[in-house]
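Step one of this worksheet: look at the structure below.
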Amino acid sequence: MNRDQAKELIERYNEGLATAEERLWVENWYLDESLKYQLSDQESNFLHLKDEIWNGTLEKSGQPIKPKVLRLNVWSRIAAAVVLLIGCGLGLYFYNIGPKLKDGNAVVTDIAPGGNNAILTLANGKKIVLNDAAKGEISKQSGISVSKSNDGELIYTVVNGGEDVPTENTHNTISTPKGGQYTIILSDGTKVMLNSASSVTFPTSFKEGDRMVELNGEAYFEVAKHKNKRFRVVSGVQTVEVLGTHFNVNAYADEQTIKTTLLEGAVKVSTLKESALIEPGEQVVLDRGDANSIVKHRVNINKETAWINGIFSFEGDDLKSVMRQVARWYDVNVIYVGPISEEKYFGEISRSSKLSEVFKILELNNVNFDVVGKTVKVSYNQRPSTATSPKSIK
């Protein structure tokens, strides 16, 4: 690859026009090249070094040095910068992205990311595996039609003007396994995006009074507005009340806290003794060990809802927090061997990456991963190293 070709590739990458394969080449080049740099533990020094490399790259490629106005964040730009440095002098390295996980000396099958996978449990106990179900109507329940759209969404629709809907509500449950996610359109028009290892139980149709659903795990809600008809989400000891809004609830049983993040509208979060109103951009955190202690603060909503857009996003997350997310999405069990790294992770990883690609990024923080079947053994390399110990990942 000559200089002009490298320059063209970087332009496509920074404009978001590169193919998935080209993006992977660029980003894998950075992962390899980053091992040559010894960075300070100070985040400011790390960012300064990335800026220096980026500006040097622009100068070498014949492009004017510009302020930080490119669409990608600094970490993405530095990935592009490194590959351009290589492209200008040596040509682009085509990184082999085949299976990298080892079982002894043998290469084992890599683990693919999760996808649309869920089970619908009807009021009569019948279970329907949704990823196997054909598109179109899959069930009819007393005036409610349940259908699967071309996009794979599950849609509840009141038919016959609702005349056949029973006076007593029947409930359905959508549950996703590890490595699964699913979107449901409830009969009132509310959209629910369910993350992996989660479930939501809801009425097939909403009667007079409040609309109420029960959540285990994590879901993003776009609540349809109905005047004087509140929408409530019950998750453990917490209840979220809204009229019409967009919000995310993270209530996994293996997390110490329950987090409710508001994107649009207004939300009231309540326990048995306390309640809090939150505005867009705010989050309420409830400690499971102290159900009466509600903490409210502002957050990066893009980080809190990144999973909706197919991204793992980290801002000072420790290794165990990162691995809980990885375990849910790739359906693996995690075992820790020896002391655990205290490094904090910042940045993003695509949820469409294979597991070996995710581990290649995480290993930059001197963490080792051994995979046998569905079990991942995690250990920390405490030996002195000249490799990069980044505070950011991409």
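The values are calculated or read from the model by the stated rules, or taken from the named source; none is laboratory data. Given the structure is predicted, the values throughout are model-derived calculations rather than measurements. A quick note on method: Cβ atoms are made from the backbone with ideal geometry, for glycine too, and the neighbour counts reach across all protein chains shown. We work out accessible area using only protein heavy atoms, side chains counted, and drop any ligands, DNA or RNA first. Shrake-Rupley method; radii C 1.70, N 1.55, O 1.52, S 1.80 Å.
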For the stretch 252-259, state whether one or more residues are over 28 Å from Ala118 (Cα atoms) and surrounded by 14 or more Cβ atoms within 10 Å (Cβ to Cβ). no
Please find, among Lys360, Lys374, Lys354, the residue that is under 21 Å from the mean Cα position of the chain (by Cα) and more than 26 Å from Glu304 (Cβ to Cβ). Lys374
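So, Glu363, is that one touching a helix residue (DSSP H, G or I) at 6+ places or on another chain (Cβ under 8 Å) and among the acidic types (Asp, Glu) or not?
no
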Please give the helices (runs of 4 or more DSSP H) falling wholly within the stretch 278-364 in which 1 or more residues are assigned by the TED database to the domain that holds Ala251 and either under 24 Å from Ile184 (Cβ atoms) or open to solvent by 30 Å² or more (accessible area, probe 1.4 Å) (or both). 301-304
Subset of the stretch 288-327 [over 28 Å from Val358 (Cα atoms) and either among the polar types (S, T, N, Q) or at pLDDT below 90 (or both)]: Arg288, Gly289, Asp290, Ala291, Asn292, Ser293, Ile294
Could you list, in sequence order, all residues of the stretch 114-145 that are within 30 Å of Val372 (Cα to Cα) and open to solvent by 40 Å² or more (accessible area, probe 1.4 Å)? Asn116, Asn117, Ile119, Val129, Asn131, Asp132
Counting only residues that are buried (at least 20 other Cβ atoms within 10 Å of the Cβ) and assigned to a loop (DSSP other than H, G, I, E, B), how many does the stretch 172-218 have? 9
Are there any pairs with C-beta distances below 9 angstrom linking a residue in the stretch 365-385 that is at positive phi and modelled with pLDDT of 85 or more to a residue that is of a type in the set (A, V, I, L, M, F, W, C) and crowded, with 18+ Cβ neighbours inside 10 Å, with the two at least 6 apart or on different chains, and if so which? Gly373/Val332
